[in-house]
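Here's the structure we're looking at; comments come further down.
The values are calculated or read from the model by the stated rules, or taken from the named source; none is laboratory data. These figures come from a predicted structure and were not determined experimentally. Ideal geometry is used to build each Cβ from the backbone, glycine not excepted, and the neighbour counts take in all protein chains shown.
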Amino acid sequence: MKSTDAVVQALALLAGLAVAGVVVAAEQVDFLYLGETGTPAYFGAQQGLTEANAQGEFLGVTYRLVATDSAGAAPRAIIASVDSIALAEIADRYPQLPVLNVGDGDTALREQCRDNWFHIGPSRAMLADAERQWQRKNPDSSARAQAWHRSFRKYAAAQLNSRYHEQFERDMNDAAWAGWAAVKLLADTIVRQPTLAGDMLIEELKTNLAFDGQKGTDMSFRETGQLRQPLLLVENDEIVGEAPVRGVVSTTNLDSLGLPFCPK
């Protein structure tokens, strides 16, 4: 399915739903995936769904990733792997739903600071800052920054890579990690308060996120909507370091990567 067609179908679906103020029964929570299926981001979201439902089974909560052509759903959030124009249209039409961007790394999107936008993958500015930090300490290196890598092993990352490869017979990459993280952080937030929806869910994600993303540190959203996160430095397809880079900045200073605040 082309992403433009997915956008049109998703908007048609949402237009027919009374999403404002809807509280879905605790037994079922729907997330709408908007974008092409059969992609790493989509497979990652499916992996997140599998893990969320394994947890939710013990708490009486079932999560669904709703296809754009499904009917009768009242989604709690939108997970979008589309371009910036489509993201802006969704945010404008449905300001009461959190829109999780798992595809577009454009720094300018973060500068807009829309209330219901949440950017899961790193911005291009974050990647560039990580590379600059690394090169200050390793001037001869040609390492490039990534959100994820198939050989990452620390913080139970090896187990996540293994689960993903077992289910989809492919390696987890940046886009797959973003899709997985989007579903998991939503589920981890909602499972604590199953009736969270609309503006209350948006506010909870902004102020009370508890998620480590298998990267060894608590992550939270900046006022720009960007998910704070450490990054990996990869050279010759091997992980050679992590950012924030020790010895250049504090390794806990996640705001040293990318735009930390909304432009005034």
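So Pro263 clears everything in (1) in contact with an Asp or Glu (Cβ under 6 Å, 6 or more places away or on another chain); (2) modelled with pLDDT under 95; (3) within 20 Å of Leu100 (Cβ to Cβ) except one condition, right? Which one?
(3)
Which of (1) of a type in the set (D, E, K, R); (2) closer than 20 Å to Met126 by Cα; (3) touching a residue at least 40 places away in the same chain (Cβ under 8 Å); (4) in a helix (DSSP H, G or I) is the odd one out, the single condition Lys206 does not satisfy?
Going through (1) of a type in the set (D, E, K, R); (2) closer than 20 Å to Met126 by Cα; (3) touching a residue at least 40 places away in the same chain (Cβ under 8 Å); (4) in a helix (DSSP H, G or I) one by one, Lys206 breaks only (3).
Give region 142-185 a look and list any residue that's farther than 18 Å from Pro122 by Cβ, in a helix (DSSP H, G or I) and of a type in the set (Asp, Glu), or say none.
Glu166
Give the number of residues within region 153-212 that are under 24 Å from Thr224 (Cα atoms) and of a type in the set (Asp, Glu).
Total satisfying the criteria: 6.
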